[in-house]
1. Treating only the Cβ atoms of Lys and Arg (+1) and Asp and Glu (-1) as charged, compute the dipole magnitude of segment 4-127 about its Cα centre; round to the nearest 20 debye.
2. Trypsin sites (Lys or Arg not before Pro) within segment 22-96: which are DSSP loop residues with at most 15 other Cβ atoms inside 10 Å?
3. What is the local net charge at Arg176, summed over the other residues whose Cβ is closer than 12 Å to its Cβ (Lys, Arg +1; Asp, Glu -1)?
4. With the crude spin-label approximation of a point 7 Å out along Cα→Cβ, what separation in nm comes out for Ala114 versus Asp150?
5. Put a dot 7 Å past each Cα toward the Cβ at Arg201 and Leu17; how far apart are the dots in nm?
6. Calculate the translational D of segment 4-127 in whole µm² s⁻¹ from Stokes-Einstein, where the hydrodynamic radius comes from the Kirkwood formula applied to all Cα pairs, the temperature is 10 °C and the viscosity 1.306 mPa s.
7. When N counts the residues of segment 132-225, how does its alpha-carbon radius of gyration compare numerically with 2.2 N^0.38 Å, as a ratio?
8. Placing +1 on the Cβ of each Lys and Arg and -1 on the Cβ of each Asp and Glu in the chain, which of Trp184, Ala147, Tyr73 has its Cα farthest towards the positive end of the resulting dipole?
Amino acid sequence: MPATILVVEDEPAIRELVVLNLQQAGHRPVVADSAELALASMRDALPDLILLDWMLPGMSGVEFARRIKADAYTRQVPIIMLTARGDEQDKITGLEIGADDYITKPFSPRELNARIKAVLRRLAPEMAGDLVEMAGLRLDPATHRVAGNDRTIELGPTEFRLLHFFMTRPERVHSRAQMLDQVWGNHVFVEDRTVDVHIRRLRRALEASGHDVLIQTVRGSGYRFSARAEE
């Protein structure tokens, strides 16, 4: 699935190259040529990932990353440092302040795409775009199609995101608040019971293929997606 990626880079040529590369990979780039503009952008909506230059006018990329990781609202957004500073100590500093990866310039577009996909797969698997399958249920983010035991399953956009969330995190118990943050986004304010409504719709859609039983209610805790029988 396409990811919204905030590119914080003050060099126009590099910024344009990164933006073109992201667009060709199917992502949605948002650009800022300073840390201050990036912070302002994030107040409106959080990106799925940040590509961050170290050496920026005004606030440095390192200070920007520190602020992001110190704020409960933004600390979960993954950061990839994209910088000319290639010394070992610089890399250590970047990783210690919370960067999830560190790429030195010059870089190849293929490497950048691979690093982005690896971080998204690790931290936000629904953004990586990989096909997922479990117990005969198959979900393809690229085509936005779901099939159960070779039967096409029609889902609305929210139910599709919810199922993708479940299938990329099987066997874990998720609270309603966690699902609201991860599926709806922590900048969207809806009631916890909204989750229950969409769970019912998703179960109803999965009944025809018999996969509704994979969505298990864990009393007092939330929901779990599992191919194992409920205990």
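1. Here segment 4-127 has a charge dipole of around 400 debye.
2. For trypsin sites (Lys or Arg not before Pro) across segment 22-96 that sit outside H, G, I, E and B with at most 15 neighbouring Cβ atoms in 10 Å, the list reads Arg75.
3. My count for the surroundings of Arg176 gives -3.
4. 3.8
5. So the label points at Leu17 and Arg201 sit 4.4 nm apart.
6. 112
7. Scaled against compact globular proteins, the figure is 1.02.
8. Ala147
Throughout, read-outs are computed from the coordinates displayed, never taken from laboratory work. Because the structure is predicted, anything quoted here is derived from the model rather than measured. FYI the Cβ positions are ideal-geometry reconstructions off the backbone, even for glycines, and counts take in every protein chain you see.
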